[in-house]
1. Give the peptides 292-304, 216-228, 143-155 in descending order of average Cβ contacts within 10 Å, highest first.
2. Using the heavy atoms of the protein chains and a 1.4 angstrom probe, tell me the accessible area per residue for segment 113-233 in square angstrom.
3. Per-residue counts of other Cβ atoms within 10 Å, averaged by peptide: what ranking do you get for 12-25, 245-258, 202-215, highest first?
4. Pop a pseudo-label 7 angstrom from the Cα along the beta-carbon direction at both K190 and V103 and give the gap in nm to one decimal.
5. Please state the relative contact order of the chain as a whole percent: Cα pairs under 8 Å, 6+ residues apart?
6. Check which residues have an amide H placed less than 5 Å from I115's amide H, if you skip close sequence neighbours.
7. Please give the Cα centre distance for segment 171-185 versus segment 20-51, rounded to the nearest Å.
8. Using mean Cβ contacts within 10 Å as the protection proxy, how do 116-128, 275-287 order, highest first?
Amino acid sequence: MNKLYTAQEVADRLKIKKTTVYELIKRGELASSKIGKQLRISEEHLEQYLRGGASDAPVLSQEPDFLPESSLLKRDYLLHSSGLILSGQTSPALELLCSQMEVHPQGIPVLQSHINTYNGLYSLYFGKVHVAAVSLPPEEISFLVPGVSLAAVCLYEYPLGFYVRKGNPKGILSVRDLARADVILANREKGSTGRMWLDRELLVSGINPVDISGYRKELVSDLSTAAAVSSGKADAAVGEESAARQSPFLDFVPLADLPAFLVMEADNLEKKGFSALVEIIQSEDFKTGIQNQTGYDVRRTGQILYLK
């Protein structure tokens, strides 16, 4: 019989918080079922998640079985009103931004599309989203959205680095360590900030990805790669520091500092909804909230760059 687990049992097995399990379910990375009013995760679905998704059911296309009531209300409200579609993977900054938009006098509904940096900019280019949350240098943003005048509003600056097990027992300190025979990587999907950064570093270092164990196995969030490392399925992963802070079994090795931006067409900057986003980001309450939750650098938060 296919064993069923509660969210707490999955959290205990993966050595992560129970809230992180709900976040994985919400994002469609971990499949679940409802039995009456109770949420359960099957052994099969848990194993699929740890393998990075079943070959006949890619994680990126999974439809979550569980959506919190607030998400359903937001989705239905957006269908019957004017609103913004914001792309970007879950982060404390975006969660705080969306919650403050709900109470802002000029705020309008925001529907978040949980897609990565590259796909967010691609969707912005083709008019499928209104705003894209990305973590790339400004010149690379312009390159990926050619011929469009853009405004990039700085959310914060943050460290990107390795998730390693507590105490860093294998001494993983640079991308060269990933090519060691005793190191297994939990890799992110193509188009994510961590994957794009890693691929550039491998190219510069002259390292062939085929020499890295685990390189071809892709997971679709920092939470999932961090869980792979904390549970012993991998030895290292590249991601934002905030995911490492959610597990007492992980340490973080900083490698680079990156900016996080909200990117939109420059002509929209003064329009209803867009202007509310900017006003919230530039507020002291938002800066204080982000700094308290993440510890990230907010000295440039709210600054606007115009890109062509």
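The values are calculated or read from the model by the stated rules, or taken from the named source; none is laboratory data. Worth saying up front: this structure is predicted, and the values here are computed from it rather than measured. Methodologically, a virtual Cβ is constructed for each residue, glycine included, from the backbone with ideal geometry; neighbour enumeration extends over all protein chains shown. Each accessible area value is taken on the protein alone, full model and side chains, heavy atoms only, with ligands, DNA and RNA left out. Shrake-Rupley method; radii C 1.70, N 1.55, O 1.52, S 1.80 Å.
1. Packing proxy ranking, top to bottom: 216-228, 143-155, 292-304.
2. 41
3. The packing order, highest mean first, is 12-25, 245-258, 202-215.
4. 4.3
5. The normalised contact order for the chain reaches 23 percent.
6. G88, Q89
7. Result: 31 Å between the Cα centres.
8. Ranking the peptides 116-128, 275-287 by packing returns 116-128, 275-287.
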